[in-house]
Amino acid sequence: MRAVGFEAHGNPEVLKVMELPNPMPGPGEVVVRVLATSLNRIDAIVRRGYPGIPVKLPHVLGADIVGVIERIGPGTDLGDFSVGDVVLVNNVWGCGTCRFCRVGLEDHCPSWTMPGFHVWGGYGELVRVPVRALVHPPKAFGVNELAALPLAYGVSWKALRVSNVNPGDWVLVLGGSGSIGTALTMLAKALGARVIAVSSRGDVLRRLGADVVVGYGRDELLGVVRERTEYGVDVAMDALGWTLPMAMDAVRPGGAVVTFGVLGSDPTFTIDIRRFYLRHTRLIGIHNSAKSYLVELLNFMSTKGLKPYISGIYSIRDAPKLHSMMESRGVVGKVVMIHDWED
């Protein structure tokens, strides 16, 4: 198969078109011919080398996968799927047998697997996935829209649900213009919440429904929070890591801080735990989302008539250029890459 992959960790220039062996499905697995994938921050982190988790080289990135079932493994029960079906692949799956997987919490599985991270992903023509990770997509979405959803929108929906965001709540979104920030803004507004988005791209975020857009200056942000809320925001979403102290300062007593990302080389900092227990603050850590959240998200967006915010559609061959854009903060929302291999 053809794929955009890399044989050594490094800058975007290590990405190149490669000829790799076709994946062969085992029992309980299928091979999906990928129609489109999308750009995620984790792609750049894995390309550079994820600390503590080595990948076998050569490697193929891509956590988001929409495609067509092309081949099934021996003895595989497809259930209500058929060869030739267009499917969406949830971007994480578990072992299928542990206590978490048995109750649909495969994102909690100790041996969770993510395409494009632990195994080859959507930057390749073909990808091998377990049947249990497949989702029937609603007809309301086109292929490119589906490609934008699994990681960024799935984890954003999970963050909103586990923090119990309700109509009228104030939600602070740190990292507003990224793929997760735009997803959180759109989905929180659709739930009836009020949104303070932290970003330099106020034009986009206001179009997506943000009530207030503010910069990253701590004093400016906390001034807006004091002005617009009674005691602080109900929920602070932090997908950056280095902004977690600001999230804690902005949340009201009894509110929740959700953290699910780290940008930068150092994931550690010192906090005074009294800032949590004296203010009854809940700190919630999440990564990825179970398939049940993705299915719920698809139904919610279909019912509300929502579509993901896509800022550009490119060829998979443009991946090196797009990685450079992403690392220079030149990407807003989601960027989709279609598999148009023919010259």
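The values are calculated or read from the model by the stated rules, or taken from the named source; none is laboratory data. In this text, all values refer to a predicted model and were calculated from it rather than measured experimentally. Cβ coordinates were reconstructed from backbone atoms using ideal geometry, including for glycine residues, and neighbour counts include every protein chain displayed.
Please pick out the residue among 236, 247 that is under 27 Å from residue 42 (Cα atoms), assigned to a helix (DSSP H, G or I) and not assigned by TED's automatic domain parsing to the domain that holds residue 307. Testing whether each residue is under 27 Å from residue 42 (Cα atoms), assigned to a helix (DSSP H, G or I) and not assigned by TED's automatic domain parsing to the domain that holds residue 307 leaves just 247. Reported count of residues in the stretch 33-48, each being of a type in the set (Gly, Ala, Ser) and touching a strand residue (DSSP E or B) at 6+ places or on another chain (Cβ under 8 Å), is 2. When the stretch 51-80 is limited to residues that are touching a His at 6+ places or on another chain (Cβ under 9 Å) and farther than 19 Å from residue 18 by Cα, the one that is surrounded by the most Cβ atoms within 10 Å (Cβ to Cβ) turns out to be 67. Taking the stretch 162-189 as the range and being surrounded by 17 or more Cβ atoms within 10 Å (Cβ to Cβ) and among the small types (Gly, Ala, Ser) as the test, the residues that pass are 163, 175, 176, 177, 178, 179, 181, 183, 188.
Scanning the stretch 319-343 for residues that are assigned to a loop (DSSP other than H, G, I, E, B) and at negative phi turns up 328, 330, 331, 332, 339, 340, 341, 342, 343. Taking helices (runs of 4 or more DSSP H) as the structural unit, those lying wholly within the stretch 112-199 and holding at least 1 residues that are outside the structural domain of residue 37 (by TED's automatic domain parsing) and out of contact with any strand residue (DSSP E or B) (no Cβ under 7 Å at 6 or more places or on another chain) correspond to 152-162, 179-190. Here the stretch 276-311 is the region considered, the condition is being surrounded by 14 or more Cβ atoms within 10 Å (Cβ to Cβ) and among the basic types (Lys, Arg), and the residue that is farthest from residue 333 (Cα to Cα) is 279.
Scanning the stretch 31-51 for residues that are farther than 16 Å from residue 335 by Cα and part of a helix (DSSP H, G or I) returns 45, 46, 47, 48.
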